[in-house]
1. For segment 363-438, which fully contained strands (runs of 3 or more DSSP E) count at least 3 residues that are over 22 Å from ARG452 (Cβ atoms) and under 48 Å from the mean Cα position of the chain (by Cα)?
2. Among the residues of segment 299-339, which ones are small (Gly, Ala, Ser) and farther than 30 Å from GLY145 by Cα?
3. Going by what's in this entry, would MET164 be described as in a helix (DSSP H, G or I), aliphatic (A, V, I, L, M) and in contact with a Lys or Arg (Cβ under 9 Å, 6 or more places away or on another chain)?
4. Out of (1) of a type outside the set (S, T, N, Q); (2) loosely packed, with under 14 Cβ neighbours inside 10 Å; (3) under 18 Å from PHE354 (Cβ atoms), the odd one out for GLY201 is which?
5. Tell me, please, whether a residue that is of a type in the set (Gly, Ala, Ser), under 23 Å from GLU233 (Cα atoms) and surrounded by fewer than 19 Cβ atoms within 10 Å (Cβ to Cβ) can be found in segment 330-337.
6. Is it the case that GLU358 is modelled with pLDDT under 95 and either more than 30 Å from LYS431 (Cβ to Cβ) or touching a strand residue (DSSP E or B) at 6+ places or on another chain (Cβ under 6 Å) (or both)?
7. Looking at segment 58-74, is at least one residue part of a strand (DSSP E or B), open to solvent by 50 Å² or more (accessible area, probe 1.4 Å), touching a residue at least 60 places away in the same chain (Cβ under 8 Å) and in contact with a Leu (Cβ under 7 Å, 6 or more places away or on another chain)?
8. Among the numbered criteria (1) modelled with pLDDT of 90 or more; (2) open to solvent by less than 30 Å² (accessible area, probe 1.4 Å); (3) within 51 Å of the chain's Cα centre (by Cα); (4) polar (S, T, N, Q), which one does THR38 miss?
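The values are calculated or read from the model by the stated rules, or taken from the named source; none is laboratory data. Given the structure is predicted, the values throughout are model-derived calculations rather than measurements. Because the Cβ atoms are built from the backbone with ideal geometry, glycine has one as well, and the counts that use them run over all protein chains shown. These accessible areas exclude ligands, DNA and RNA; they are computed on the full protein's heavy atoms, side chains included. Shrake-Rupley method; radii C 1.70, N 1.55, O 1.52, S 1.80 Å.
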Amino acid sequence: MRKLYFFLFALLASLSTARAGFGDVVDFGAMDLDTDYTLNGDFSDYKGSLTPTESGTLTFKTSNGGVVMAPYSDADLTEAISFDFSYSDNGGGIYQIEVEAGQTYYFFKDFCMDQATVRFTMGGEEALQVVKAEPAVGTALSAGGAGIVSVLFNKVARLTGGTMEIASHSYPLTVNSLGTSASVDYKAALMQAYADGAKAGDALTIRLSVAETAETIDLSYTAAAEPVKMESEQLLGEGKFRSFWFAGDSAATMRLTFSGPIGVSEGSPRVTLEYGNSEGAQGEFYTEDIPFTLEDGRTICLDFSDKLRRPQDMVASGINYGTVHVRLLNVRDAEGNYVYSPTQGALGSYGYLFDYAEVQTNVIAEFTPASGSSLTDVDSIEVWMADYANVRFDGFQFTYEEEGQPQTLTTTDFTAAPDADYEGAYVLTVKVPEALKSKTLDQITLSLQGARFADGIDHSGDILATYSIKPTGITAVSATNANNARTYDLQGRPCNAHQKGIIIHQGHKVLQVR
């Protein structure tokens, strides 16, 4: 945006040559048009004069907007001439005054602290021209990488938009006009041109429209080959990032497939996970590099399972910020070219924002016979387990000591049936191993073998019971059959069938309210 600064130099009347006492006086004398004059920034005063041979607009340009040789109509520097001044984005500046042929004009800058080059020209503002374009005019434009043409003009340019002309088609462009420069985002337009049949080598013109005129600025290029692009995306299950997934859970995986081979080198591609507040206090922003595998040369596979990522594991405050950002960065094809990214200015990168869900479990277990009981003459043990779907295990294990040595018996001989009275609860019936029944043991611990929990936290200590056993030689009977006729509390003690609370009646838990 052009910024105009109005300098009314009437106050300079009191600051004439008497101000030269601050340093040396450098007198350029009679100055010429179209000639560079250097002010060295040595705290000297600089002055000079100019007598135009024609009437019209005299333009003064400076390479440093902070260094202005102010104009006067008299040699004593008492009659300041007002002018409008504008800064350019490269730090320079320009002003203009109307002059008459044969009249001498005087210019003065006191106590010059900054170096600058100044030049006077006649004829008003010069035509708008391109000083530099990047990529250079005449080269091939690729829709991979940033997909931006940066243009520098000789003066402030007010642009209203632009188009891309290629293969008899015209596509609108996003143009950001920034004073003496502009950026043109052509990625989306070029990708659409490929979809419409454009191919590598086709002539391509970027046409920029200038405000309030019929003038256009044309930049000529050719089209590079269509870049590798994202072909399909398989994102996280339910579209959420969980604080934990069981190992191997397909919901914890992402598969990002591209249209061509992906090159793999140090730092390319790179996948990161971000959580928290990047502008917050120390410890409030978490980043993690995520390993990946490359399948068939073009599918990036990510697996977020089997790692605990609770808020307190990632940020110091333990705040649940609600979202997780997964970024795919610096993706290049097999030749090292950036793949196409739809984001403006992005270099082969993609971003995925997921709602964050902290997994909560409520694993509770009750045993029948109750913990502390004897397994003598007991054929099976019932384990009532809440939140059963959030527990995975390989079986049950009985651990004990025999002759001073730790021993473990494992079994998968159990059944699991849902408890119709409690949503999510199951009743597991575990057969007592025959090898235990003939032993005399003061303590046997029953627990889960290889237990894993959906929240990633080890709750194994909440699902165990201890027993003793002293064989009697009596034929064993099922604990469930033997106990069905009686009523027990949750500690396995006989109780009244009408006792309030949760009781075990005929092998099932019952909530007794009266």
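1. On the way: elements: 365-368, 380-385, 395-402, 405-411, 414-418, 426-431.
Fully inside segment 363-438 and qualifying: nothing.
2. Let us first name the residues in segment 299-339 that are small (Gly, Ala, Ser), namely 305, 316-318, 322, 334, 336.
Selection gives SER305, ALA316, SER317, GLY318, GLY322.
3. Working: in a helix (DSSP H, G or I): no; aliphatic (A, V, I, L, M): yes; in contact with a Lys or Arg (Cβ under 9 Å, 6 or more places away or on another chain): yes.
Taking the combined requirement at face value, the residue does not satisfy it.
4. (3)
5. Within segment 330-337, the subset of a type in the set (Gly, Ala, Ser) is 334, 336.
From the residues that got through so far, the ones that are under 23 Å from GLU233 (Cα atoms) too are 334, 336.
Among the residues that remain, those that are also surrounded by fewer than 19 Cβ atoms within 10 Å (Cβ to Cβ) are: 334, 336.
For segment 330-337, residues of a type in the set (Gly, Ala, Ser), under 23 Å from GLU233 (Cα atoms) and surrounded by fewer than 19 Cβ atoms within 10 Å (Cβ to Cβ): present.
6. Numbers: modelled with pLDDT under 95: no; either more than 30 Å from LYS431 (Cβ to Cβ) or touching a strand residue (DSSP E or B) at 6+ places or on another chain (Cβ under 6 Å) (or both): yes.
No: the conditions fail for GLU358.
7. Residues of segment 58-74 that are part of a strand (DSSP E or B), as a first pass: 58-62, 70-72.
Now narrow it down to the ones that are open to solvent by 50 Å² or more (accessible area, probe 1.4 Å): 61.
Next cut, touching a residue at least 60 places away in the same chain (Cβ under 8 Å) only: 61.
The next check asks that each one be in contact with a Leu (Cβ under 7 Å, 6 or more places away or on another chain); those that pass are none.
Scanning segment 58-74, I find no residue that is part of a strand (DSSP E or B), open to solvent by 50 Å² or more (accessible area, probe 1.4 Å), touching a residue at least 60 places away in the same chain (Cβ under 8 Å) and in contact with a Leu (Cβ under 7 Å, 6 or more places away or on another chain), so the answer is no.
8. Among (1) modelled with pLDDT of 90 or more; (2) open to solvent by less than 30 Å² (accessible area, probe 1.4 Å); (3) within 51 Å of the chain's Cα centre (by Cα); (4) polar (S, T, N, Q), the lone unmet condition for THR38 is (2).
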